[in-house]
Amino acid sequence: MNTKTKIPESFSIDHTVMSAPQIRKAGLMTGPHGDQISKFDLRLVKPNCGAIPTGALHPIEHLLATYMHEHLDNIIDCSPMGCRTGFYLTAWGDVSAEAVQSALINSLKQILNTVWSEVPGTSEKECGNYRDHSLFGAQEYAKSILKGFGES
Ligand SMILES: [Zn+2]
C-alpha cells in the first residue's frame with residue numbers, strides 16, 4: 001500500500017459493537033480557506049445483522065436528497081453506504097449529530113406519507129437504475145428505523 005494512502009476514519013471503528021439506528025459525527029474538517037465541513041455516519045441497520053435491500057434503499061436515497069434539505073441547511077451530500085446499512089452525510093459548517101438526527105427523523109416521517117408520484121428522479125432519464133425502486137420497502141424500513149429511534 002502507498003504510504004500516502006489515507007485509511008478512511010470509518011474503517012477504524014469497530015463495526016461489531018455499533019448499535020443502530022444512530023448518528024455518529026465522524027469528523028469536522030477545515031479547508032485551506034477556513035471553511036468547515038462536518039461528516040456523519042447515519043447508521044440505520046446494525047452492521048452484519050442485516051442490510052436494507054437496494055430496492056428499498058434507493059427511494060430512501062432519492063427522498064432524503066430532497067427531504068433532508070428541508071430540515072437541515074448546508075447539506076453537501078447524503079449518499080448510501082455500499083454495505084447498505086446506512087448513509088454518509090456531509091454538510092458545510094460545524095453541525096451537531098442531534099441536528100442531523102432530528103432532520104433524519106422528520107425526513108423518515110415524511111417518507112411514510114409519500115406517494116409514488118412524489119418520489120423524485122424515478123424515470124429512465126433521471127436515474128441510473130430506475131426499475132429498482134420499492135416505495136413500499138422504503139416505507140417499511142423507515143417505520144422500523146423510526147421505531148429504533150423511539151418514534152412511532
Ligand atoms: Zn436513482
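Condition first: open to solvent by 50 Å² or more (accessible area, probe 1.4 Å), part of a loop (DSSP other than H, G, I, E, B) and modelled with pLDDT under 95. Can you find one or more residues in region 15-35 that meet it? Yes - at least one qualifying residue is present in region 15-35.
Of note, Ile60 satisfies the criterion of being at pLDDT 95 or above, assigned to a helix (DSSP H, G or I), within 16 Å of the ligand (Cβ to nearest atom) and within 25 Å of Ser134 (Cα to Cα). Among the conditions (1) touching a Leu at 6+ places or on another chain (Cβ under 7 Å); (2) away from the ligand (no atom under 16 Å from the Cβ); (3) outside any strand (DSSP E or B); (4) among the hydrophobic types (A, V, I, L, M, F, W, C), the only one that Phe11 does not satisfy is (1). Thr85 fails exactly one of the following numbered conditions: (1) farther than 16 Å from Leu104 by Cα; (2) open to solvent by less than 50 Å² (accessible area, probe 1.4 Å); (3) away from the ligand (no atom under 16 Å from the Cβ). What is the number of that condition? Checking Thr85 against (1) farther than 16 Å from Leu104 by Cα; (2) open to solvent by less than 50 Å² (accessible area, probe 1.4 Å); (3) away from the ligand (no atom under 16 Å from the Cβ), the one that fails is (1).
From the list Gln101, Gln110, the one residue that fits, being more than 22 Å from Lys25 (Cβ to Cβ) and either open to solvent by less than 70 Å² (accessible area, probe 1.4 Å) or away from the ligand (no atom under 16 Å from the Cβ) (or both), is Gln110.
The values are calculated or read from the model by the stated rules, or taken from the named source; none is laboratory data. What you are looking at is a predicted structure, and each value in this text was computed from that prediction instead of being measured. Reconstructed Cβ throughout: ideal geometry from the backbone, glycine too, with neighbour counts over all protein chains shown. Note: accessible area is taken over every heavy atom of the protein model, side chains too, but ligands, DNA and RNA are not part of it. Shrake-Rupley method; radii C 1.70, N 1.55, O 1.52, S 1.80 Å.
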